[in-house]
Amino acid sequence: MNISPQPAARPRARGTERSMARRAELIAIGRRLFADTSYDALSMDDIARQAHVAKGLIYYYFQSKRGYYLAIIQDSVTELLTLAAGGLELPPVDRVQRTIDSYLRYAEHNQAAYRTIVSGGVGFDTEVHALRDGVREAVVTTIAEGAYGRAGISPLARMGLLAWVCSVEGATLEWIDRPELPRATMCELLVKTLGGALRAIEELDSAHPAPQPARRGA
């Protein structure tokens, strides 16, 4: 018997696209809800009511409140890394400054998500810790490429940059809790402390000389 093939792939693809779009919409809603509200402060009923969706829809896409929150954090991390890794067309020093400013801008406008990423999530959450470590490595790589023109650096140089990134996390947490400095001033302060870290690395590892700032009017 000759059976003609059924065009099932197209409807399924369209269904998948709709499903992905709906999931992305729910994540965008969740990002707004959790922008300055902690994980424990919102119940699933609260989330569903404020998002104007049935609670079952959130369970359908994310299985649990934690699954929903992790998806939101993952989306936030993706945005942060995209911001941090941008500006490839800029001179190295300008790219580093842009990276730090983007980092601070993200923390300023996504405070709850930033606190979760840096502090490790709900309790000791290994998945959020992994996301945090990914952010740290991405920032270290971006700074290394801006300072040294390459991502591959020595263990000592990496540790020096990582120590600086960890200090930035603590300072940024304090800054969003008590924003006594304008973002531009905070950015300039972190740029200057990075310069100190780069000079310390150079003293201990001459293969990684600190970049010299461009002279004004040169």
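Structural remarks
- Ranked Cys166, Cys187, criterion: other C-beta atoms within 10 Å, fewest first: Cys166, Cys187
- Length added when fully stretched, Asp205-Ser119, from 0.36 nm per residue minus Cα-Cα: 27.8 nm
- Rough spin-label spacing in nm, given labels placed 7 Å along Cα→Cβ, for Met44 and Gln63: 1.3
- Once the chain from Gln74 to Ser167 is taken as fully extended at 0.36 nm per residue, the excess over their C-alpha distance is 31.2 nm.
- Calculated FRET efficiency for the pair His109/Ala151, C-beta based, R₀ 41 Å, to 0.05: 0.90
- With 0.36 nm allotted per residue and the present C-alpha distance subtracted, the Ser19-Met159 stretch has 46.2 nm of extension available.
- Converting phi to 3J(HN,Hα) with the Karplus coefficients 6.51, -1.76 and 1.60 and the offset θ = phi - 60°, the stretch 55-69 yields 4, x, 5, 5, 5, 4, 8, 10, 6, 7, 4, 4, x, 5, 5 Hz in sequence order, with x at every glycine or proline.
- Inverse of mean 1/r across different Cα pairs in the stretch 131-213, Kirkwood, Å: 13.4
- Dipole magnitude for the stretch 69-204: computed about the Cα centre from +1 point charges on Lys and Arg Cβ and -1 point charges on Asp and Glu Cβ, it is near 200 debye.
Read-outs throughout are calculated quantities, based only on the coordinates presented, and are distinct from any laboratory measurement. All figures in this text were calculated on a predicted structure; none of them were measured in a lab. Please note: Cβ atoms are built from the backbone with ideal geometry, for glycine as well, and neighbour counts cover all protein chains shown.
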